[in-house]
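S.K.: Attaching a single structure in structure tokens format; questions to follow.
The values are calculated or read from the model by the stated rules, or taken from the named source; none is laboratory data. Quick caveat, the model's predicted, so the values are computed rather than measured. Note that each Cβ is placed from the backbone with ideal geometry, even for glycine, and that neighbours are counted across all protein chains shown.
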Amino acid sequence: MTDINATYQRTDIGDWPTAADGQLPEQMGGVRSTLLPGIDVFKLPANLSQLWTEFETEDTRQFLPTGQPNPTHGQKIKRVQLKLDRNNPLIVVGGKHDGEPMTANFSTNPRPRGKKDDQKTAWISDLQYLIFNALGDKTMPKTIDETKAVVNKYAGREIRLEHGLSGQCRPDKVRYIRILLDGVEQDMLDPAGTKGCGARYYTKDFKDAESNTYITEIAS
């Protein structure tokens, strides 16, 4: 009998390539950025070992890499994340954004990088992309403790990241509207109390078709 109130500690962090020189599939999402999309060099905080936190999430993976049913599918799972917040952000090194901070969360929670219902789809966590691509470390740690140890040794080092933008028009929050006040455009909470539409936006949505450049606001 399965205890539906139990929380399981899964030590795996996702699927690695079958060979050390293999490649991870293209990553979608991940780093949270207030910078315009691009590629920059960042300095990692020196206190990485202090920035790990635990969280719980539902295990949505139906099958294991072997093709067998996942015994913890639908159960609560304990995972860990490396939380680089405004108090301990990534810092841009060089270029026109030199010295600017960027926040990011990298977790051990694997997500399908392809068709979710395809048993052959690789499930890979954001931390695997950080280790394998950004840090260039090919040791491919298998457990949470091994993963933390690998990442921690790069504390204070520089990494190169490609970053984008994402946003959500929250359906549970009152939307902002733009008004003209004394000849100046200002954003304010909608006096009518209308909430957001619930739409999600990604990097491609922030690209202006006419100028072929990225913008930081989307009218909805």
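S.K.: Residues in region 58-78 that are surrounded by fewer than 16 Cβ atoms within 10 Å (Cβ to Cβ) and among the aliphatic types (A, V, I, L, M): how many?
M.R.: 0
S.K.: Would you check if there is a residue in region 127-145 being exposed (fewer than 13 other Cβ atoms within 10 Å of the Cβ), in contact with a strand residue (DSSP E or B) (Cβ under 8 Å, 6 or more places away or on another chain) and modelled with pLDDT of 90 or more?
M.R.: no
S.K.: Failed condition for S166, given (1) among the hydroxyl-bearing types (S, T, Y); (2) more than 30 Å from I13 (Cα to Cα); (3) in contact (Cβ under 8 Å) with a residue 60 or more places away in the chain, with all others met?
M.R.: S166 satisfies all of (1) among the hydroxyl-bearing types (S, T, Y); (2) more than 30 Å from I13 (Cα to Cα); (3) in contact (Cβ under 8 Å) with a residue 60 or more places away in the chain except (2).
S.K.: Considering only region 149-168, how many residues are of a type outside the set (G, A, S) and crowded, with 19+ Cβ neighbours inside 10 Å?
M.R.: Within region 149-168, residues that are of a type outside the set (G, A, S) and crowded, with 19+ Cβ neighbours inside 10 Å number 4.
S.K.: Strands (runs of 3 or more DSSP E) wholly in region 93-207 with at least 1 residues that are under 15 Å from the mean Cα position of the chain (by Cα) - which ones?
M.R.: 104-107, 158-163
Yes/no per residue for (1) assigned by TED's automatic domain parsing to the domain that holds T18; (2) among the acidic types (D, E); (3) in contact with a Gly (Cβ under 8 Å, 6 or more places away or on another chain):
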site	(1), (2), (3)
G99	yes, no, no
W123	yes, no, yes
D126	yes, yes, yes
F132	yes, no, no
K138	yes, no, no
I144	yes, no, no
R157	yes, no, no
P171	no, no, yes
Y176	no, no, no
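S.K.: Residues of region 101-157 being among the polar types (S, T, N, Q) and closer than 12 Å to L24 by Cβ, which ones?
M.R.: Within region 101-157, S125, Q128, N133 meet the criteria.
S.K.: Sort through V80, V41 and tell me the only one that's modelled with pLDDT of 85 or more, assigned by TED's automatic domain parsing to the domain that holds D117 and over 14 Å from Q128 (Cα atoms).
M.R.: Result: V41 is the single residue among V80, V41 that is modelled with pLDDT of 85 or more, assigned by TED's automatic domain parsing to the domain that holds D117 and over 14 Å from Q128 (Cα atoms).
S.K.: Next question, about the same structure. Of the residues G95, G114, only one is touching a residue at least 40 places away in the same chain (Cβ under 8 Å) and under 18 Å from L35 (Cβ atoms); which?
M.R.: Matching residue, one of G95, G114: G95.
S.K.: Oh, and also: Of the residues that make up region 194-209, is at least one assigned by TED's automatic domain parsing to the domain that holds D40, among the polar types (S, T, N, Q), over 23 Å from K78 (Cβ atoms) and modelled with pLDDT of 85 or more?
M.R.: The answer is no, given that none of the residues of region 194-209 is assigned by TED's automatic domain parsing to the domain that holds D40, among the polar types (S, T, N, Q), over 23 Å from K78 (Cβ atoms) and modelled with pLDDT of 85 or more.
S.K.: Okay, next question. Might you check whether a residue that is at positive phi and either among the hydrophobic types (A, V, I, L, M, F, W, C) or at pLDDT below 90 (or both) occurs anywhere in region 166-177?
M.R.: no
S.K.: If we keep just the residues of region 79-92 that are under 30 Å from Q119 (Cα atoms) and in contact (Cβ under 8 Å) with a residue 60 or more places away in the chain, which is surrounded by the most Cβ atoms within 10 Å (Cβ to Cβ)?
M.R.: The qualifying residue surrounded by the most Cβ atoms within 10 Å (Cβ to Cβ) is L82.
S.K.: Still on this structure, please answer the following. Report whether or not L127 is in contact with a Phe, Trp or Tyr (Cβ under 6 Å, 6 or more places away or on another chain) and farther than 29 Å from A199 by Cβ.
M.R.: Here the answer is no, as L127 does not meet what is asked.
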